Amino acid sequence: MTTTESVPTEAGPGAGEVRVHNLTMSVDGYCAGPGQSLDDPMGRGARALHEWALATRTFRRMFGAEGGSDGLDERFAAAGDVGVGATIMGRNMFGPVRGPWPDESWRGWWGERPPYGHPVFVLTHHDRPSLTMEGGTVFHFVTGGPVEALELARAAADGADVRIGGGAATVATYLALGLVDHLHVALAPVLLGAGERPFARVDAPGAGYRVAEVVAGEGATHITITRAP
């Protein structure tokens, strides 16, 4: 393990890569709490995980607020948007609706102008037409699995990077397939005791991943994990 004081560069990890950023994890390894619901989308107790992020300028701007911190936490938070041309997310991250889509009334957690500004590919088992939002975000619903979603996202990104946006199960799927090139974990000083653990079913060393960097921020410890070519 290498401990440094470096921070992400303005250029991002590299064109055409598959990246995960701001994956916040508790000390006991959980990235979401139990009992996810419309009122508690991250699960019970999980809001405490993200206090570091919610204090940054990047995340405050995402939710329409001003101000925010401008230190190491902010640099890592902001790096997740640099050089990204498409995002992949699981259906649970898009919303709380389960099973076949009853209608098209659910349009995401973010209002009519989601904070993406590029194509977003949502993994699902049920067909739904693409959804065009304000600000350049278009949600595409992919029923062919994670590999197909990545192929579509890479084509849409047109040489830019693809971000795996979450949630924890979706990140775990791409890690297990060895498809993530760059992973940023923000380790929060929180214990959850239950929930979703993205590394529970992943042989990370066997898939070629290694810890490249550890940096202590103001509210979280930032761990960069990379995959050997």
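The values are calculated or read from the model by the stated rules, or taken from the named source; none is laboratory data. Given the structure is predicted, the values throughout are model-derived calculations rather than measurements. Counting neighbours? That spans all protein chains shown, and the Cβs are built from the backbone with ideal geometry, glycine included. What goes into the accessible areas is simple: the full protein's heavy atoms, side chains included, and nothing from ligands, DNA or RNA. Shrake-Rupley method; radii C 1.70, N 1.55, O 1.52, S 1.80 Å.
Considering only residues in segment 45-65 that are in contact (Cβ under 8 Å) with a residue 60 or more places away in the chain and assigned to a loop (DSSP other than H, G, I, E, B), the one that is nearest to Gly80 (Cα to Cα) turns out to be Ala55. Checked against the criterion of being open to solvent by 40 Å² or more (accessible area, probe 1.4 Å), over 21 Å from Asp40 (Cα atoms) and touching a Phe, Trp or Tyr at 6+ places or on another chain (Cβ under 9 Å), the candidates Gly159, Gly67, Gly135, Gly144 yield just one match: Gly135.
Residues of segment 181-199 that are farther than 24 Å from Glu218 by Cβ and surrounded by fewer than 22 Cβ atoms within 10 Å (Cβ to Cβ): Asp181, Gly193, Ala194, Arg197, Phe199.
Does Arg201 satisfy the condition of being farther than 17 Å from Gly29 by Cβ and among the basic types (Lys, Arg)? Criteria not met by Arg201. For Thr224, the conditions (1) of a type in the set (S, T, N, Q); (2) open to solvent by 20 Å² or more (accessible area, probe 1.4 Å); (3) in a strand (DSSP E or B) all hold with the exception of (2).
Between Pro119, Pro100, the distinction of being open to solvent by 40 Å² or more (accessible area, probe 1.4 Å) and not hydroxyl-bearing (Ser, Thr, Tyr) belongs to Pro100 only. For segment 185-221, residues that are hydrophobic (A, V, I, L, M, F, W, C) and assigned to a loop (DSSP other than H, G, I, E, B) total 11.
Considering segment 66-124, and only residues there that are assigned to a helix (DSSP H, G or I) and charged (D, E, K, R), the residue that is nearest to the chain's Cα centre (by Cα) turns out to be Arg91. The residue that is modelled with the highest pLDDT, among those in segment 33-51 that are open to solvent by 10 Å² or more (accessible area, probe 1.4 Å) and in contact with a strand residue (DSSP E or B) (Cβ under 6 Å, 6 or more places away or on another chain), is His50.
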